[in-house]
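Everything on this sheet refers to the single structure shown next.
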Amino acid sequence: MTSGFDDDDLEAYYAMIEGRTAARNRPRRRREKPVVYVEPTCPTPEKIAYPTLAAVTGAILAISSAPRASPSLRCYECSCGAWHLTRSQRW
């Protein structure tokens, strides 16, 4: 009486079983924590927030062309991501 498996088939079967057992005993991966985005708040909300450098530069040019303009205006990027005007000098 002969079995339906030869040595190569039996080796392949054992390799498959061992692979499944190894995968079952492998430690599970931890789920990654979801990323929570917190919108930054502006430390100077009383100032006008310009969305881009071009917008704030245009505002400086418009203010500078007025008859009673302050000549020492400059702009800076705020920690909230917007651009603001200021009269203070850069340090």
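The values are calculated or read from the model by the stated rules, or taken from the named source; none is laboratory data. Remember, it's a predicted structure, so these values are computed and weren't measured experimentally. Every residue, glycine as well, gets a Cβ built from its backbone with ideal geometry; the counts of neighbours run over all protein chains shown. Remember, those area values only see protein heavy atoms, side chains included, never the ligands or the DNA or RNA. Shrake-Rupley method; radii C 1.70, N 1.55, O 1.52, S 1.80 Å.
Things to note:
- In a reduced charge model with +1 at each Lys and Arg Cβ and -1 at each Asp and Glu Cβ, the chain shows a dipole moment near 1160 debye about its Cα centre.
- Solvent exposure of the chain as accessible area per residue, Å², 1.4 Å probe: 94 Å²
- The candidate values are [x] 16.5, 65; [y] 34.1, 111; [z] 15.0, 52; the one derived from this structure for Rg and Dmax of the Cα atoms in Å carries the label [y].
- Between residue 73 and residue 13, the distance separating the two model label sites (each 7 Å from Cα on the Cα→Cβ line) works out to 8.6 nm.
- The apolar share of the surface of the chain, taken as the fraction of accessible area on carbon and sulfur atoms (1.4 Å probe, ligands and nucleic acids excluded), comes to 56 percent.
- Cα-based helix-to-principal-axis angle, 53-64 vs the chain, degrees rounded to 10: 0 degrees
- Annotation for residue 42 and residue 5: the two label points, set 7 Å from Cα along the Cα-Cβ direction, are 7.4 nm apart.
- Cα-centre dipole for segment 10-60 with unit charges at Cβ (Lys and Arg positive, Asp and Glu negative), debye to 20: 400 debye
- The angle between the Cα long axis of helix 7-25 and the main principal axis of the chain comes to about 40°, on a 0 to 90 degree scale.
- Positive end of the dipole of the chain (Cβ unit charges, origin at the Cα centre): among 34, 60, 76, the Cα lying farthest that way belongs to 60.
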